[in-house]
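Heads up, the thing below is written out as structure tokens.
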Amino acid sequence: MDKDQLKKWKEKRRQRKASMNHDDLLKGIRGGDLQALSSAITLLESSRNRDQKIARQLVSSCLPVQNKTVRVGITGVPGVGKSTFIEAFGQHVIDQGYKIAVLAVDPTSEKSGGSILGDKTRMTELSASPQAFIRPSAAGKSLGGVARKTRESIILCEAAGFDYIMIETVGVGQSETVVHSMVDFFLLLMLAGAGDELQGIKRGIMEMADALVITKADGENLLPARKAKKEYQNAMHLFPPNDNEWIPKAMVSSALEDRNIDKVHDTIESYLNTTRVNGWFDRKRREQDRYWLHETISDTLISDFYNNSVIKPFLDQIEKDVVEGRKSSFEAADLLMKKYRDESS
């Protein structure tokens, strides 16, 4: 890079930083500017105090926006074809005149802490569409494989005018059901020819699913997929009835052959019609808002505790005492909490 190129790069970077303010970002988001939306989510994920302050203001400013956005959570084991399914589904809803945002939570490396972030490379056609927005985020250590700021990112995407917001999670696990607390419709993707033990499916996750889709139902796998559909449909009928009056559906699909992608969309629309008429849709969203209030309080308190200037140097010694058997974990926790309360009072 020569001097002129370096100068242009620095000027472009300066202009970009200058545009990372509340008013410009809010204007851009409400105008459907994908660059502004991406920059705003970057601020949400930042740990800098200044960035967090702007991000909080943005989220608050975007709350009054009224729309008919549908939040869809998609989960399934790695290899089930989540990204491929989302691309096919995304192309379908775009063809129907809708805009779609995909918040894809990628696995985080245990060694490096870095994210694989491969969804944009997998959804090549969808990512090229001006009617789509794909944002990969590292799962990190957040509960259930859902990125720390996914909940707030949903609000920003809604303000940007997206009709469908899809949250793709890392895979199926006991804690991953946290995605259920931030979406309207929960979609579980399954493979045919694999038992529950192999797929790691828990009954609790199946009970929360509003629809179950057997993927890759093409070629020689079509008949096993249809058989699996019947088995899962029978199993779902044994679950307790839902308070929302919706009967979960099981179906097969093939993104490769575009089989039943439209039926999945119709199923979501049918669910929305049912739950909006009986009032469940709005009631569920209010309950989710209450849940995330308390989750945020818990996260803030935990962060404040571990970053406390008095607790941090004291914690290592307390941990050593517990590990070496000089104190019980309960006694040690009481000591730390007393110190924390004394410091905060």
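The label-point distance for Lys53 and Arg341, in a model that sets each label 7 Å from Cα toward Cβ, rounds to 3.3 nm. Remark: spin-label model distance Glu207-Ile247 equals 2.1 nm, labels positioned 7 Å along the Cα→Cβ axis. Here Cys157, Cys62 are placed in order of increasing Cβ neighbour count within 10 Å, fewest first, which gives Cys62, Cys157. The dipole here belongs to the range 259-312: it is taken about the Cα centre, uses +1 on the Cβ of Lys and Arg and -1 on the Cβ of Asp and Glu, and is about 120 debye.
Distance between the pseudo-spin-label points of Leu301 and Asp282 (7 Å out from Cα toward the beta carbon): 3.2 nm. Toward the positive end of the charge dipole of the range 274-317, with +1 on the Cβ of Lys and Arg and -1 on the Cβ of Asp and Glu, the farthest Cα among Gln288, Leu315, Val277 is that of Val277. Local charge for Asn244 was computed over the other residues whose Cβ lies under 10 Å away, with Lys and Arg +1 and Asp and Glu -1, and equals -1.
Working ranking of peptides 207-213, 319-325, 31-37 by packing, defined as the average number of other Cβ atoms within 10 Å per residue, highest first, is 207-213, 31-37, 319-325.
Taking a spot 7 Å from the Cα of Phe239 along the direction of its beta carbon, which residues of the range 59-89 have an amide N less than 14 Å from it? Residues 73-76 qualify, since their backbone N sits under 14 Å from the label point. Charge tally around Val322: other residues with Cβ under 13 Å, Lys/Arg +1 each, Asp/Glu -1 each, net -3.
Bear in mind these aren't lab numbers, they're just calculated from the coordinates by the rules spelled out. Predicted model only: the values in this text are computed from it and were never measured. So basically every Cβ, Gly included, is an ideal-geometry build from the backbone, and we count neighbours across all protein chains shown.
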